[in-house]
There are 2 protein chains.
Amino acid sequence: MKKKLSGPTLRRLPRYYRIVCEHFERGEEYIRSVEIARRLDVDETQVRKDIAAINYSGKPKIGFNTKEFKAHLESFLDLSNAKKAFLIGAGSLGLALAKYTGFNKYGLDIIALFDVDPHKIGLKIAEKEIFHISEFTEKVCEQDIKIVIIAIPGEEAQKMATLAVNSGIKAIWNFAPINIEVPKEIIVANQDIAADFVILSMKIDENKG
Amino acid sequence: MKKKLSGPTLRRLPRYYRIVCEHFERGEEYIRSVEIARRLDVDETQVRKDIAAINYSGKPKIGFNTKEFKAHLESFLDLSNAKKAFLIGAGSLGLALAKYTGFNKYGLDIIALFDVDPHKIGLKIAEKEIFHISEFTEKVCEQDIKIVIIAIPGEEAQKMATLAVNSGIKAIWNFAPINIEVPKEIIVANQDIAADFVILSMKIDENKG
DNA sequence: TAGATTGTTAATCGATTAACAATC
DNA sequence: TAGATTGTTAATCGATTAACAATC
């Protein structure tokens, strides 16, 4: 049984993974904690602590073997095990997410899209078919889907979330700019990209002051 | 001079803003800290502490006036003051960001897009013209742009970041799935959405275990 | 007034950082 | 061996939570 990691540590791990991949792909055999720390602007002791927390270890004087460390992170973060998901909303954001190539590497496999626009039904985006939302519940059951991504403009997002929950979905990744509410056993991540901008913009102000 | 907020507090403020807006638009005059806490799954004392940190106060027994509190957050987070930005990349993600309507409310105004594809140059997306990247530096100066959003597939992102820095940009919001590196006086937010998925997916695993 | 909620001080908890020992 | 880097224990720091006072 994995011991539970702290939130901050968990959030740093995918960032380590990215850096380690970059080094590995560049053909570098080892990476040192100070290098990871510099790239991500965290403390180097922090990096080693986090690595210790996932039971990996490096070699004193040499560093961490990029290939091994990468594999360890993939195993720990369960990246190789593709998780099937449905995507609600074939608007511009939905299409962008459907076409996004970075997800496979991180264990996300978007299987199909759903929309209400009759002009879109039947089209294929990046080899994923667009179905009418009325087929959603049935297909969730058929294909044993646990994750749904919501990418519609807002007002309808809560309704779609409720539909998803009633269809047996276990986790919702919400890109609509509202805070959706679902029963507490359902996992929700409200991806508020505008809020992320606000944080960036506050940092700019700080730099000026 | 604003006293500096902690990172966690700063990250919660836009979430409070969203909830307060929702209540205000629903016509509710007051909101209580316990309600905000419930909606965002944080501690209610935390909410009051955060509110105190931005020098706002409510009324005992009644709560926080939604209209006033909303205005206070807008002022504190500087949401009313539109920040001009350029967007590099008119691919599907770039278009989705250009069309995204939620940004205005959060103080972001995307002025124009840049790309290299000759078929796209001159087109308009949500009233924003697409220019050739060769015009970037000149237009940054002309329009005194401080922020650039990078939405291209990856390999080229570092080059574009460097171009942006050389053009005098002060902050970069990077959607490309690489960790871009720039001089330390430049503010960078690497928006790694795949990483956000990993965190969601780990939470699902925890729920099972 | 009584009760409910805000506001604040004190206590706890956990994450980060510092110091240093272990190791190749 | 000397030096560099990992790994770990201890100290610090800051965020969260708990307790309770203030207030309408």
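The values are calculated or read from the model by the stated rules, or taken from the named source; none is laboratory data. The shown structure was predicted, so the numbers you read here are calculated from the model rather than taken from an experiment. Because the Cβ atoms are built from the backbone with ideal geometry, glycine has one as well, and the counts that use them run over all protein chains shown. Only protein heavy atoms, including side chains, enter the accessible area calculation; ligands, DNA and RNA are left aside. Shrake-Rupley method; radii C 1.70, N 1.55, O 1.52, S 1.80 Å.
Summed over both chains, the area buried between B and A is near 5300 Å², taken from the accessible surface of protein heavy atoms with a 1.4 Å probe. Taking a Cβ cut-off of under 11 Å around A:Gln158, the surrounding Lys, Arg, Asp and Glu residues balance to a net charge of -3, with basic ones at +1 and acidic ones at -1. In the structure shown, the pairs B:Lys67/B:Lys105; A:Lys99/A:Lys120; B:Lys83/B:Lys146; A:Lys4/B:Lys49; A:Lys105/B:Lys159 are assessed against 18 Å; a Cα-Cα span above that value is assigned to A:Lys4/B:Lys49; A:Lys105/B:Lys159. Heavy atoms of the protein chains alone define the surface here; on that basis the protein assembly as shown has 49 Å² accessible area per residue at 1.4 Å probe size. Here A:Lys170 yields copy-to-copy label distances, from shortest upward, of 4.7 nm, the label point defined as 7 Å from Cα along Cα to C-beta. Calculated FRET efficiency, A:Asp117 to A:Glu25, Cβ-Cβ distance, R0 = 35 Å: about 0.30 to the nearest 0.05.
Distance between the C-alpha centres of segment A:84-109 and segment A:1-32: 23 Å, rounded to the whole angstrom. The chain A residue nearest the rotation axis shared with chain B, using its Cβ and rounding the distance to whole Å, is A:Ala96, 2. So, in nm, how far is label A:Arg11 from label A:Lys124 when the simple model puts each one 7 Å beyond its Cα toward the Cβ? Placing both labels 7 Å beyond Cα along the Cβ direction yields 4.0 nm.
Between copies, the label points of B:Lys159, set 7 Å from Cα on the Cα→Cβ line, lie 4.6 nm apart, reported in increasing order to one decimal in nanometres. Relative to the isolated chain, which residues of segment B:15-31 have their accessible area cut by 10 Å² or more in the presence of all protein chains (1.4 Å probe, heavy atoms, no ligands or nucleic acids)? Buried by 10 Å² or more upon assembly, which counts only protein chains, are B:Arg15, B:Arg18, B:Glu22. Across peptide B:80-93, the mean count of Cβ atoms from other chains lying within 10 Å of each residue's own Cβ comes to 2. To test your reading of the geometry: what angle, between 0 and 90 degrees and rounded to tens, separates the Cα axis of helix B:44-53 from the longest principal axis of chain B? Tilt relative to chain B: about 60 degrees. Helix B:66-76 and the long axis of chain B differ in direction by around 40°, with both axes built from C-alpha atoms. Would you mind checking the tilt of helix B:157-166 against the longest principal axis of the Cα atoms of chain B, expressed as 0 to 90 degrees and rounded to 10? Once rounded, one gets 90 degrees. In nanometres and ascending order, the distances from the A:Glu28 label point to those of the other copies are 5.0 (point 7 Å from Cα along Cα→Cβ). Computed about the Cα centre, the dipole magnitude for segment A:51-190 is approximately 760 debye when only Lys and Arg (+1) and Asp and Glu (-1) carry charge, each at its Cβ. Highest GNM mean-square fluctuation among A:Ile62, A:Ile180, A:Ile88, for chain A modelled with Cα contacts below 10 Å: A:Ile62. For GluC sites (Glu not before Pro), the sites in segment B:142-209 that DSSP calls loop and that have at most 10 other Cβ atoms within 10 Å are B:Glu155, B:Glu185.
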